[in-house]
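*Asks:* After the structure tokens below, expect a handful of questions from me.
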Amino acid sequence: MQDFKPDFLTAFGMIALSAFTVSWVMWILGRQYWRQGMSHAVLSTAVCGVAYTIFALQAKLGIIELQVIAKTLISVAIASFTIALQRFRESHEWVRDTALMWLPIAASFALAVIYLPEDLTGFNRMQTVVTVLQTFSTLHVLYRLRSNSPGAGWKLVTAAILIQLLSIVPLVFVKDRPSPAVGAAMPLDALLAMWGLCLVLFLKLVISSIGFLIMLRDRQAALERHKALLDPLTQLPNRAALVRDMTSAIGASASSQRPMAVLLMDIDHFKRFNDQHGHLAGDQVIQTVARILKQQSRAKDIVSRYGGEEFVLVLPDTLPHEAEIAALRLCTAIRHTSIVLPSGIELHVTVSVGIHSSIPLPGQGWQPLVAAADEAMYAAKRGGRDRISISSTSLSPSAAFAAA
Ligand code: GH3
Ligand code: MG
Ligand code: MG
């Protein structure tokens, strides 16, 4: 133990080395998130690396100006990480980001002019105040992000920033903190405390970087999950999403003993439409119908593209005759909507709808309900199209009356 002499050169050198390593790892692992904040996060850790290299140099050479530069760079690193979080929020405000970056730099230089070279303690203390304020601004951005990134990543970043805050706030109140310039003369306790602080800053760097990577990765995964459940042509939920949402709607309906209506809608003579006007015009029709369905349904209804030119709607808490009224409204809206093709031709389409409304059994699968609506839809086709048919297995009027 007696041979052990902690020194600033080793402590700062180690942090600098790890900061460069972390920024390299972040660049390798996070390149695909470059525009979503990773560029500024990598810049932040790299600038930290440069700052601690300068601290290490200063510990060796004892030039006070180097300390000013290093501390300014730490401010740049904090500002850069805050901007990274703003990019994650998809917030690009040029004036705010410029202020975030340049205000602390200007403050550092102003403090240097006011306090140095006579009052190094005063400079250090005020510089720490600047850093604390910057850290609060980072926490504020993180707080605003809490609802769109509820994962472990956000918690890690917040924990890292809080650790940093807790470790630097006491420095504002320390009267004679160890300074590299007088490092050699410091008692062992003070030097060890400084080493402890360096270790905390190292942990902060690693934890916040990992946390930010996790935030980006989780958001990307959520986006891909969302995309996998969305039909690209209409932006409506696809069949997989329908099955997922319908299963929970069945559970809710079974437990509340409230009826649930399933509507299967098919565009009439669509093959003929495609043959006469081309597939692109057909796509336009599918998009138009999807838009009408979405516009005319309630927030709690499920509107999905089941496949081809078929749509399935699930209306919770809806009796057969109520579903019929809703279907009539939809059919009328579709029939009266003009579809103007790029060639200028104006067309109209009609749809046939099958309805099934019942109180499902607990744990019942979705297939029998859609099959019943499908059967009713074919009855509507057989009946001459452009009409609505209710499945024979739907709630009878007397049962519907009792359920109402
Ligand atoms: P019916 O009135 O009996 O429903 O006649 P239909 O012509 O609509 O019959 P059917 O349902 O068999 O035809 C569906 C057609 O829809 C066949 C297919 O070429 C076309 N289709 C399916 N998906 C798409 C799509 O994404 N875009 C376009 N343009 N056409 C599609
Ligand atoms: Mg069809
Ligand atoms: Mg059809």
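*Asks:* Please get the size of the charge dipole for the stretch 1-103, origin at its Cα centre, with Cβ charges of +1 on Lys and Arg and -1 on Asp and Glu, quoted in debye to the nearest 20.
*Replies:* It comes to approximately 200 debye.
*Asks:* If R0 is 56 Å, what FRET efficiency do you get for ALA240 and GLU118 from their C-beta distance, rounded to 0.05?
*Replies:* About 0.20, to the nearest 0.05.
*Asks:* Related question: Under a crude label model (7 Å from the Cα following the beta-carbon direction), how far is ALA110 from ARG225 in nanometres?
*Replies:* Output for this residue pair reads 4.7 nm.
*Asks:* Also: Quick check: the angle from helix 188-228's long axis to the longest principal axis of the chain, C-alpha only, nearest 10 degrees?
*Replies:* The angle comes out near 20 degrees.
*Asks:* Using the basic label-point model (7 angstrom from Cα toward the beta carbon), what is the VAL95 to LEU29 distance in nanometres?
*Replies:* Going by the 7 Å Cα→Cβ label model, 3.8 nm.
*Asks:* Follow-up question, since we're still on this one. Which value, in debye to the nearest 20, describes the size of the charge dipole of the chain about its Cα centre when Lys and Arg Cβ atoms bear +1, Asp and Glu Cβ atoms bear -1, and nothing else is charged?
*Replies:* 100 debye
*Asks:* A follow-up question, please. Tell me what the chain gives for mean residue ellipticity at 222 nm when only DSSP H runs of n ≥ 4 count, each as -39,500 (n - 2.57), the sum divided by the residue total, rounded to 500 deg cm²/dmol.
*Replies:* -22500 deg cm²/dmol
*Asks:* Using unit Cβ charges (K, R positive; D, E negative) and no other charged atoms, how large, in debye to the nearest 20, is the dipole of the stretch 250-292 about its Cα centre?
*Replies:* Magnitude of the dipole: close to 160 debye.
*Asks:* With the dipole of the stretch 27-154 worked out from charges on the C-beta (+1 for Lys and Arg, -1 for Asp and Glu) around the Cα centre, which of ILE83, TYR52, LEU103 lies farthest toward the positive end?
*Replies:* The listed residue farthest towards the positive side: ILE83.
*Asks:* Turning to a different aspect of this structure: By a straight-distance test (C-alpha under 19 Å), which aspartates and glutamates pair with LYS381 as possible cross-link partners, with residues fewer than eight away in the same chain excluded?
*Replies:* Partners within reach: ASP266, ASP268, GLU309, GLU310, GLU324.
Throughout, read-outs are computed from the coordinates displayed, never taken from laboratory work. Just so we're clear, the structure is a prediction, and the values are computed from it rather than from any experiment. For neighbour counting, all protein chains shown are included, and Cβ atoms are generated from backbone atoms with ideal geometry for every residue, glycine included.
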